[in-house]
Every structure is written in C-alpha cells, then in structure tokens.
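Report on the structure given below.
Values quoted throughout were computed directly from the atomic coordinates according to the rules given, and no laboratory measurement underlies them. Note that the structure is a prediction, hence the values are computed from the model and not measured. Cβ placement follows ideal geometry from the backbone for every residue including glycine, while neighbour counts extend to all protein chains displayed.
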C-alpha cells in the first residue's frame with residue numbers, strides 16, 4: 001500500500017509482470033457509478049437503460065482517445081521527437097477537456113442516430129459525469145500529480161486535512177497545494193446541487209442541467225487551474241482557464257437565450273421524453289412558417 005518513503009504506492013497490485021494502478025481502478029469506479037446512475041435516470045425519463053449501456057461502449061473509448069489527443073496537441077514538440085510515445089498512455093498525459101469534447105461529439109452523433117433527444121440525454125448524463133470527475137481526481141492524488149504550488153505543512157494542517165492526505169502531498173520533501181482535492185470537493189457540491197435542482201418539478205428547462213454543469217465546472221476549474229503547476233499553455237495563457245471561461249460565459253448566455261428568446265419555449269426536464277419530441281416538431285413548424 002505504501003512505498004519506502006511513506007507515500008501511497010500508485011500500483012494497487014501485481015499479477016506477474018502486469019501492474020494494476022490505483023489510478024485506473026479509481027477511474028473505472030467513477031465510470032461505473034456514472035453509468036449506473038444514468039441507467040436509473042434514463043429509465044425514469046423513458047429512454048431505457050439499454051441505450052445508456054450501448055452509449056457507454058462508444059463514450060468510454062472515445063473519451064479516452066479525446067483526452068489523449070488534446071494533451072498531445074498541446075505538447076506536440078515532445079511527441080514529434082518521439083512519435084511512438086503518443087501511444088504510451090500508461091506513462092500519463094491525458095486531459096479531461098479533450099475527453100469531454102470528443103465524448104460530447106460522440107454522444108450527439110449516437111443520440112441523433114437513435115432518435116433520442118439530445119438535450120434530455122445531456123441532462124441525464126451531466127451530474128453523473130461530474131461525480132465521476134470528482135472520484136477520478138483521487139487518481140491524481142495517488143499519483144501525486146495535478147497539484148499546486150509549494151506550501152507549508154502548517155498550511156495543510158490549517159485546512160484540517162487528515163494526515164494521509166498531508167503526507168501524500170509531501171513530494172520529495174516539499175508539500176504542495178492539493179488542487180485535486182479542491183476540484184473533487186467542488187464537483188461533489190456541484191453534483192449535489194444539480195441533483196437537487198433536477199428533482200424539482202417544473203423548475204429547470206430541458207438542457208439547463210447540462211448548462212448548469214458546464215457553468216459550475218467552468219467556474220471552479222478556472223480558479224483551480226490558476227493554482228496548478230502542470231497546465232497546458234497557449235502562449236502566456238493557460239488553455240484550461242480559457243476554455244473554462246468560455247464554458248462559463250456561453251452556458252449562462254444559452255440559459256438566458258433559451259429562457260427568454262426561444263419560441264416555442266423548451267419543455268421542463270421533469271416532463272420526460274415525449275414533450276421533447278413535440279417541442280422539436282413545433283420548432284420545425286415555427287421556423288418553416290417564418291420562412
């Protein structure tokens with residue numbers, strides 16, 4: 001469980017020459033929780049759990065590919081020097097935004113292909129993706145990565161953190177900001193808020209759970225990213241901060257636009273799948289008349 005210097009061993013167990021890392025185990029736990037929660041909610045909303053299972057077979061590999069491509073693109077000189085290392089994913093180098101982007105594109109394509117309303121589907125998935133992200137950050141904790149600048153032990157003790165977290169943030173004799181923890185807690189709070197709001201009848205319009213997820217995650221990630229030491233950059237700007245700001249502004253703008261300027265107005269989330277189909281048909285008729 002612990003290595004010779006007292007930190008958590010990133011390898012959970014070994015099967016002969018095969019090493020199974022805690023990082024992978026934690027990520028898988030988060031994925032399975034998100035899938036299970038989404039299956040339950042999909043049944044309630046009239047989509048069915050089989051659709052979520054089939055979608056997961058597309059989303060998981062495409063999300064991992066997107067996360068890797070995103071990271072490689074922003075570290076291109078390193079990978080051009082050794083092209084084969086692009087495939088050495090076990091050495092690290094994935095970025096959550098890349099996974100979310102390609103995952104969304106995959107989800108959009110698959111939902112349209114199967115005639116499932118996109119806005120309803122993203123509302124089902126969004127809070128569960130957030131809790132999976134919260135869990136996944138603990139993989140960074142085990143690997144002693146995605147941390148912030150150096151701090152004193154007294155600072156960490158002042159946060160009332162348990163000793164096992166404080167000592168894991170001791171990397172080669174220096175303590176660091178546990179930014180993994182900040183993001184994990186932020187996402188857990190966001191998950192709870194979204195689940196509570198989603199459960200309210202006729203409160204959120206279709207799509208606002210998803211847009212709320214983007215706004216909440218973007219806000220938290222913008223500030224937390226500014227504390228990290230491993231950011232990807234475009235010139236002098238942190239890529240994740242720019243993208244976080246874009247998500248925050250655009251999601252709030254879309255909520256306002258869809259609430260006050262879209263006609264006919266989208267149905268409420270709590271109304272299920274049927275009103276969404278009626279809404280889409282009414283929108284088509286409305287725009288055809290305008291032409």
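Overview of results
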quantity	calculated
Cut-off 17 Å (backbone N to label point 7 Å along Cα→Cβ of residue 171), residues of segment 80-116	91-96
Helix 208-225 axis, angle to the chain major axis (alpha carbon atoms, nearest 10°)	30
Cα shape, segment 46-180, gyration tensor, a/c 1.5 rule	oblate
Cα-projected label distance for residue 80 with residue 188, points at 7 Å along beta-carbon direction, nm	4.3
Acute angle (nearest 10 degrees) that the helix 22-44 long axis makes with the longest principal axis of the chain, alpha-carbon atoms	20
Pairs of Cα atoms farther than 29 Å apart, the chain, %	41
In degrees, nearest ten, helix 179-199 long axis to first principal axis of the chain (Cα)	20
Residues listed by number, segment 79-121, amide nitrogen under 17 Å from residue 54 label point at 7 Å toward C-beta	106-118, 121
Global form of segment 1-121, assessed from the alpha-carbon gyration tensor, a/c cut-off 1.5	oblate
Computed helical MRE - 222 nm, the chain, DSSP H runs ≥ 4 contributing -39500 (n - 2.57), nearest 500	-22000 deg cm²/dmol
The chain, relative contact order in percent, only Cα pairs under 8 angstrom and at least six apart counted	18
